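Just so it is clear, none of the values below were taken in a lab; they were calculated from the coordinates. The shown structure was predicted, so the numbers you read here are calculated from the model rather than taken from an experiment. Note that we place each Cβ from the backbone using ideal geometry, even for glycine, and neighbour counts take in every protein chain shown.
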Amino acid sequence: VEQSTIWQAMDAAHHLHPFVDNGALAREGARMVTRAEGVYIWDAEGRQYLDAFAGLWCVNLGYGRPELAEAAARQMNELPYYNLFFKSSNVPAARLAQTLAELAPAHINHVFFTNSGSEANDTVFRMVRYFWALKGHPDKKVIIGRQNGYHGSTVAGASLGGMKSMHRQGGLPVPGVEHIRQPYWYDEGGDLSQDEFGLLAARALEEKILELGADNVAAFIAEPIQGAGGIIIPPSTYWPEIQRIVQKYDVLLVADEVICGFGRTGEWFGCDYFNIHADLMPIAKGLSSGYLPIGGVMVADHIAETLKQAGEEFSHGFTYSGHPVCAAVALENLRILKEERIIEQVRSQTAPYLQMQLQTLADHPLVGQIRGVGMLAAIELVADKHSRRRYDGNGRVGALCRDLALKQGLILRATGDTMLISPPLTITRDEINILVERAGQALDATQAALESES
Ligand code: PMP
C-alpha cells in the first residue's frame, strides 16, 4: 500500500505543470535535467543545451559556481536556521539587508525578506494598503497593474499581474485590482513614433486614476521592462511620464525588479537603468542567481518609518524570511557580481555584443523586430514583416520555434509568437556566437516547417 501511495504521489508530481504563463521547459513531458555548468545544461540522455534563458531568468552567474555551494555548506554547519521574529535576527540576513541597502537607490534602506517573487508581491499588496491606512487614508486601496504584467502565481501575485490565462482560473483578479495597457509599441503603436506612443501608454495610468478617484488608488505596479509578457521595453518617454503621474496623484510606485534586478539591464536595478524613483522594489531570482529560493521587498525610508511606527501590528512574515543559508548564498552571489565587476562587463561588453549579434537575424523573413536591453532580448515572429501581421493560432509558431530550437540544443522561451532570450550574465562571446547561430537555425527550421504545411 505504501509503495502505491508513493507512486501515485510521484505520478501527480510528474503531471504538474510547472509554469502557468506560456511556460517552455516541461511541455513534452519530463526532460530530466541532471547537470549544468556555465551556460550549459545536460539532460539524462547526455544531450547538451545552451540555456539562453538562465533557468527562469535567474541564474545570472551561470551554473556551477563552487563559491555558492561552499557558502551554503558553511552556513548550514554554522547555523542552518533561525527566523526574524520576536526581535531575533541572524548574521547573514542582517548583512544581506545592509548590502542591499548599499546597492539600492539612496532613498531605499530597508528590506522585507520573502522566499520568492510571488511572496514579495503579496507583501507589497498588504504593505501598500496598510501604509495608507496608517496615514489616515483607509480608502486608498486599489492597486493598478498592467495587461500581461507578471507578478507571481499566488492569489495576490496573479491578481496584480495581467495575464488573462491566470485570471481565467479562480475568479482573479481579487477585488481592488485594476489593469491598464502595456507600452507595447511594436504591437500597438501604429503610426505613432515610439516617444509619442510612450506618452500615450503612460497616460492610461492617469485616465485610470481619474476614473477611480485618486483618493482610492494606493499604488501602481509595473516591471521596469515587462518580462514574461514579452520583454516589452518602454519608449524613453514612458517612465518619466509615469513618474509625473504617480507624484501628482500621491500614488505609490512599485517597480517589480524580480527579473530586471541584479544586472539584467547592465545596471544593478531596472530602476537605475530608467531612472525610476520607486517606493517599493520586489526582488528575487537574480538575488541568489536562483541557487536557493530567496526574495524580498526593498522599501523606501518613508514607508518603512510609517510601518515601523505601527510596530508588531503589521503582522506579516514568513517562517523562512531571511533564512540564513539562502541569505549566505545571496551574499556570496552579490560579492561575486561586485568583485568580478560582472555588471560593468555586461554594460560595456557582453550586452552590446549580444544585441549586435542578434541583429544579424533581423533580415530573416520570419522576424518582425528584434529588440533588447542589456541581457534581455526578444525576437518577434510575424507572418508579414512589413505590415507586422501576426500568425493566427495563439502562439503556435512561437511554440514551434521554441521546440525546434531545443532540437538545435538551445533553450529559448516563447510568449505567444515572441521568442525571449535572457542568458546568464557571464556568457562569453563564443557562447553568444553559438546562441545566435542556433537561434538562426531554429528560425530556418521553423520557416521550413511552416512552408511544408502550406
Ligand atoms: N515578478 C516577476 C517580474 C517575475 O518575472 C516573477 C517570476 N517569473 C515573479 C514576480 C514571481 O517570482 P517567483 O516565481 O519567485 O514567485
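Before moving on, here are some points about what is shown:
- Sequence-distant residues sharing a close amide H with Q369 (under 5 Å, placed H): E380
- Across the chain, Cα pairs under 8 Å and at least six residues apart give a relative contact order of 20 percent.
- GluC sites (Glu not before Pro), loop per DSSP, at most 11 other Cβ atoms within 10 Å - longest free stretch of the chain: 46-454
- Placing unit charges on the Cβ atoms only, positive for Lys and Arg and negative for Asp and Glu, gives the chain a dipole magnitude near 300 debye about its Cα centre.
- Measuring gaps between exposed loop sites in the chain (chymotrypsin sites (Phe, Trp or Tyr not before Pro); DSSP loop; at most 12 other Cβ atoms within 10 Å), the longest gap, sites not included, is 87-454.
- Amide H within-cut-off set for I144, under 5 Å, with H built and near neighbours excluded: E178, A219, F220, I221
- Annotated for the stretch 68-339: lysine pairs at least 8 residues apart or interchain, Cα distance under 22 Å, count 12.
- Where the alpha-carbon atoms of the chain are placed on the principal axes, they occupy 66, 57, 54 Å, in descending order.
- Computed [θ] at 222 nm, deg cm²/dmol, the chain (DSSP H ≥ 4; -39,500 (n - 2.57); rounded to nearest 500): -12500 deg cm²/dmol
- Rounded Å value of the spacing that divides the Cα centres of the stretch 365-404 and the stretch 279-353: 33 Å
- Charge dipole (the stretch 141-202, unit charges on Cβ, about Cα centre) - positive-most of G190, H167, Y150: H167
- Shape class for the stretch 68-339: prolate, because the ratio a/c of the largest to smallest gyration tensor axis (alpha-carbon atoms, square roots of eigenvalues) is 1.5 or more and a/b beats b/c.
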